[in-house]
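I have placed the structure first, in the form of structure tokens, so that the comments after it can refer back to it.
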Amino acid sequence: MIVVAIDIGGTFTDLIGFDTEEGRFVEAKSLTTPAQLTRGIVDCIRKSGLDATAIDELIHGSTIAINTLIERKGAKTGLIVTRGTRDVYAIGRGNRPEAYNLLFHKHRPLAERHLIREVNERLFASGEVHEKLQPASVEAACDALKIAGVEAVAVCFLHSYANPEHERQAGAMVRAALRAKVSVPSIVRAGRKGRPMAAALSRTANV
């Protein structure tokens, strides 16, 4: 059995493989090719001398998304939220990791405040509809984000983990209205905590 692990980094793509029958390790390194990431993988397999068809298990990892976030080189991302929750993303959990550091500053949000648009809809925590999604408000949000020139949009509504219907309806409307990538946490399956962040990360790093 031949098991291979490949990591795509910002500069290099690395491979290490193990043949369980022969007890032999192989390794290879090639330059990462940002325009076509699979090329670096193919180059590594070729340099390792392995037969790609003989690989039984391939494990893949990458720091590309992390590098994109750290360097803030991702897509210009908008966020559409339930009316009244515009600042929840920036406030987060309200924690202060360095309570006595007077120079402490929170990280700048990936979606800037002027790119966060509110729409009319509301669910109870049970998932029961309190206020139906108002399509006109979604259209208005799309118009504003289009003018702002966003490249990606995350849709994150209150309590959509219990009932994803509003979120998915809005996501479909955004896809139809904007030439942008769209992320919906109820599809990403981010859970209750960190849903706006998960959605924003998904769209910022994958465009």
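The values are calculated or read from the model by the stated rules, or taken from the named source; none is laboratory data. From a predicted model like this one, the values you see are computed outputs, not experimental measurements. Using ideal geometry, Cβ is built from the backbone for each residue, glycine included, and neighbour counts are taken over all protein chains shown.
Annotations for the structure displayed:
- With a requirement of 2 or more residues that are closer than 19 Å to T13 by Cβ, the helices (runs of 4 or more DSSP H) lying completely within segment 30-101 that satisfy it span 37-48, 64-71.
- Yes/no for R122 being touching a strand residue (DSSP E or B) at 6+ places or on another chain (Cβ under 8 Å) and farther than 23 Å from A180 by Cα: yes
- Q36 meets all of the listed conditions (1) in contact with a strand residue (DSSP E or B) (Cβ under 8 Å, 6 or more places away or on another chain); (2) at pLDDT below 90; (3) not aliphatic (A, V, I, L, M) but one, namely (1).
- Residue in segment 22-39 that is in contact with an Asp or Glu (Cβ under 9 Å, 6 or more places away or on another chain), surrounded by fewer than 16 Cβ atoms within 10 Å (Cβ to Cβ), of a type in the set (F, W, Y) and not assigned by TED's automatic domain parsing to the domain that holds A177 present: yes
- Taking segment 68-100 as the range and being polar (S, T, N, Q), over 22 Å from K132 (Cα atoms) and more than 17 Å from the chain's Cα centre (by Cα) as the test, only N95 passes.
- Among the residues listed as L58, L31, the single one being out of contact with any helix residue (DSSP H, G or I) (no Cβ under 8 Å at 6 or more places or on another chain) and aliphatic (A, V, I, L, M): L58
- Checking each residue in segment 49-65 for being surrounded by 11 or more Cβ atoms within 10 Å (Cβ to Cβ) and without any contact (Cβ under 8 Å) to a residue 40 or more places away in the chain picks out only A52.
- Residues located in segment 136-188, provided they are of a type in the set (D, E, K, R) and more than 14 Å from the chain's Cα centre (by Cα): E139, D143, K146, E165, E167, R168, R175, R179
Residues checked against (1) over 24 Å from A75 (Cα atoms); (2) among the small types (G, A, S); (3) modelled with pLDDT under 90:
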| residue | (1), (2), (3) |
| --- | --- |
| P135 | yes, no, no |
| K146 | no, no, no |
| M173 | no, no, no |
| M197 | no, no, yes |
| S202 | no, yes, yes |
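- Selection from segment 150-165 of residues that are part of a loop (DSSP other than H, G, I, E, B) and touching a strand residue (DSSP E or B) at 6+ places or on another chain (Cβ under 9 Å): V150, E151, F157, L158, H159, S160, A162, N163
- Members of segment 109-143 that are in contact with a helix residue (DSSP H, G or I) (Cβ under 9 Å, 6 or more places away or on another chain), aliphatic (A, V, I, L, M) and not in a strand (DSSP E or B): L110, A111, L115, L133, V138, A141
- Going through (1) at pLDDT 80 or above; (2) of a type in the set (K, R); (3) surrounded by fewer than 15 Cβ atoms within 10 Å (Cβ to Cβ) one by one, K76 falls short only on (3).
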